[in-house]
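Read-outs throughout are calculated quantities, based only on the coordinates presented, and are distinct from any laboratory measurement. Quantities reported herein were computed from a predicted structural model and do not represent experimental measurements. Backbone-built Cβ (ideal geometry, glycine too); neighbour counts: all protein chains shown.
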Amino acid sequence: MEDEPARGPPPLNAPAPVTGDRELFGYVGIEAVLDQMRIKTMKTGFEFNIMVVGQSGLGKSTMVNTLFKSKVSRKSSCPGYEERIPKTVQLLSVTHVIEEKGVKMKLTVTDTPGFGDQINNQNCWEPILEYINDQYERYLREEILINRKRKIPDTRVHACVYFVPPTGHWLRPLDLEFMRRLNKITNVVPVIAKADTLTLEERAEFKQRIQKDLKAHGIHVYPQEDFDNDADDRLLNDKIREKIPFAVVGADKEHQVNGKKVLGRKTKWGIIEVENPAHCEFPLLRDLLIRSHLQDLKDITHNVHYEQYRVYRLHESNPPAKGEKKIGPPGDRFPVLFVPRGQFPRPPTLFQDLDHFFGLLLSVTRKDLGAGVDRRSLLHGDGRSQTVNTSRLLTGDPLFASHPAEE
Ligand SMILES: Nc1nc2c(ncn2[C@@H]2O[C@H](COP(=O)(O)OP(=O)(O)OP(=O)(O)O)[C@@H](O)[C@H]2O)c(=O)[nH]1
Ligand SMILES: [Mg+2]
C-alpha cells in the first residue's frame, strides 16, 4: 500500500519537491504563517484588562471575584479574598496569569469605587475617565521613545463593564451620562447588576427598556454596529446586541449542589448558580469577554480609542496652523476620525507599525470623503512631523457617525 502524502508545510530541512516545475514553484508555504503567528503568540502571551464601573453596592467587587473564581481561573483564585468584601474606596487592580493549553493570559481586572452615593454626583465620572486616559498616556509615552521596548506593557482598559442598578424602570440620567462619556474612550459592556432581584419577565422588560434608552440617546455600547467587519461578524454581533445588557449575578462562595461544588448565592429558596445559564447571564458575559471577543476588544481599543487619544495628544504638541480647527480631548465632544462602515483596516496585529496603520486609515478616509478632505499636521511616533491631506474630522455625537452616503 502506498504511503499517504504528507499534509501541511514541509519541514525546513526537507528537500525541494522534484516532481516537475508546477509543484516545484506552486507551493510557497503561506499557510505556515498561521503556525508562526500561533507559536509567537503562545510565547509572548496575551494581556487583557477589564474594568468594572458602577454605583456603590451593585456587586462590582463581587463580580471581580466571580470572574476569577469561575472557570476562567478557578485554580488561581486568591485565598485572601474569602472574607466579606469591604466597600471599595480606591481603584484597585487584581492580576492573574491564566494558562490553558499552553496559552498564557495575563488578566487584570480593575475594581473602582462606586459612585452615585453623594448628594452631588456631578463629575463623579472624572476619576474613571482620568484612569482610562492615563493608561493611554503611559502607552503613548513608551511608544514615542526613541529606544522603545519591543513589547510595550499594555495597561489600557480593553473593556469596561458598566453595572446598571436593577430598578426595573429605565436608565437613570446618571447612567446615561456616565455611559455616554465612557463609550467615547473605551468599549462599554453594560450589565444588569444583581439580576436575582428581578423576575424573568422583569429582566426581559428591563433589558428592552435599556436597549431603547441607549438607542434614543445615541449611546453605542460594545459591540458597535459600525465596527462589524463583514456579514458573519454582523450575524454574530446582532445576536449579542439582542442580549445586551446581560443580567448577571455575582458570588464568591462555593456551595455543594448534587455533589458538585458550584459558585453561587445561597438563599432560603435555593442556590442561584452563577455559572448556570438557566439562572443568570454571567456565562454570556464571560464568554463575550474572554472566549469570543477578547481579540476584537483589544483591536478596537488599540485602533479606535487609543488612536483617537494619540491623534489628540500629538496634535496638541503640534499646535494647529492659523485658521485650523483645534482638536479637543477625547470624551469631550471630541472630533473623531471618520472610518466608513466595514472599512476599518484589520487585522490590526498585522499593523503593528502604526505609521503603516495610520497611512491605511488615511487612505481609506481620503478615498471615501473626496472633497471633504482637510489639511492636518501629523506627528509620527518617531517624532517626524508631516502635513497631509487627512480625513475630515467630524464633530460631536455619535462617536462614529455612519457614512452620509449610507444614510
Ligand atoms: N442579591 C445579590 N447581591 C449581590 C450580588 N453581587 C453582590 N451582592 C452583594 O451586594 C453587596 C455589595 O457588593 P460589593 O461587591 O461590595 O459591591 P460594590 O459594587 O463593589 O460596592 P462599592 O465597593 O461600594 O462600590 C454585598 O453584600 C454582596 O454580597 C448579586 O448579584 N445579587
Ligand atoms: Mg467594591
Quiz item: Hey, fewest Cβ within 10 Å first, where do V164, V262, V274 land in order?
Solution: V262, V164, V274
Practice problem: Return the subset of K212/K253; K215/K243; K60/K106; K43/K253 for which the Cα-Cα distance in this structure is over 24 Å, preserving the input order. | Solution: K212/K253; K43/K253
Quiz item: What is the fewest-to-most order of R150, R291 by other Cβ atoms lying within 10 Å of their Cβ?
Solution: R150, R291
Quiz item: In nm, to one decimal, how far is the modelled label at D134 from the one at K261, with both set 7 Å along Cα→Cβ?
Solution: 3.6
Self-check item: R172 paired with K104, simple spin-label distance in nm, labels 7 Å along Cα-to-beta-carbon
Solution: 4.3
Quiz prompt | Proxy reagent accessibility, fewest Cβ within 10 Å first, across Y222, Y131 | solution = Y131, Y222
